[in-house]
1. Take Phe104 and Ser78, extend 7 Å from each Cα along the Cα→Cβ direction, and tell me the distance between the two endpoints in nm.
2. Taking only C-alpha pairs under 8 Å that are 6+ residues apart, what is the relative contact order of segment 26-93 in percent?
3. When the Karplus curve 6.51 cos²θ - 1.76 cosθ + 1.60 is applied with θ = phi - 60°, which whole-Hz ³J(HN,Hα) does each residue of segment 27-40 get, with x for Gly and Pro?
4. Would you calculate the convex hull of the Cα atoms in the chain and tell me its volume per residue in Å³?
5. On full extension of the chain, what length is gained from Val35 through Ala111, given 0.36 nm per residue of separation minus the C-alpha to C-alpha distance?
6. Pick out, from Ser61, Ala130, Thr19, the residue whose Cα sits farthest towards the positive end of the charge dipole of segment 6-136, with +1 on the Cβ of Lys and Arg and -1 on the Cβ of Asp and Glu.
7. So if each residue of separation counts as 0.36 nm, and I subtract the Cα-Cα distance between Ala87 and Ala27, what length gain in nm does that give?
8. With only Lys, Arg, Asp and Glu charged, each at its Cβ (+1 for the first two, -1 for the last two), find how big the charge dipole of the chain is about the Cα centre; round to the nearest 20 debye.
Amino acid sequence: MNGPNLGILGRREPEIYGTDTLADIEAAVAEEVSVRGWDVLSVQHDSEGDLVGALHRHSDSTVGAIVNPGALMIAGWSLRDALASYAPPWIEVHLSNVWAREQFRHESVIAPLASGVVVGLGAFGYRLAAQALMHLSTPAPL
Ligand code: DQA
């Protein structure tokens with residue numbers, strides 16, 4: 001699940017966010033989780049309400065989530081509340097190292113609810129988050 005301005009990855013400040021498009025990232029996540037036979041449902045919205053609606057719609061039919069809230073990390077309280085009602089594990093991801101950037105990016109209102117947080121590792125962070133979700137979920141039978 002990706003929040004505002006992440007639909008234009010690839011051409012959005014590539015010196016900060018890299019050159020991978022969101023489609024590239026979604027394909028990488030799909031590749032990671034295919035070892036478990038999981039499918040990826042990709043959601044990107046620029047508005048918070050649409051993200052909240054997607055969480056409501058898919059909470060019962062998903063095993064976990066990777067969430068890059070974009071700037072909603074700063075004050076996305078309704079996104080935060082929707083995630084509080086999302087029972088499966090989820091990982092917060094930021095492509096850039098938000099701690100090395102402006103002060104206003106140093107706090108995330110959703111991070112306290114996440115199973116884990118990956119920051120600053122670019123698109124690779126999504127692969128790591130996918131691996132973390134598989135690790136947190138019931139292991140595949142031997
Ligand atoms: C971001 C970091 C946020 O501060 C910013 O508003 C974004 C992208 C990241 O992935 O590095 O939109 O979430």
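Every number here is computed from the coordinates shown, using simple stated rules; none is lab data. Here the structure is a predicted model, which is why all the values come from computation and not from measurement. Note that we place each Cβ from the backbone using ideal geometry, even for glycine, and neighbour counts take in every protein chain shown.
1. A separation of 2.0 nm, rounded to one decimal place.
2. Relative contact order for segment 26-93 comes out at 33 percent.
3. 5, 5, 5, 4, 4, 4, 7, 5, 5, 9, x, 7, 9, 10
4. 98 Å³
5. Once the chain is fully extended between Val35 and Ala111, it gains 24.6 nm.
6. The one lying farthest along the dipole's positive direction is Ala130.
7. Going from the current span to full extension adds 19.1 nm.
8. 180 debye
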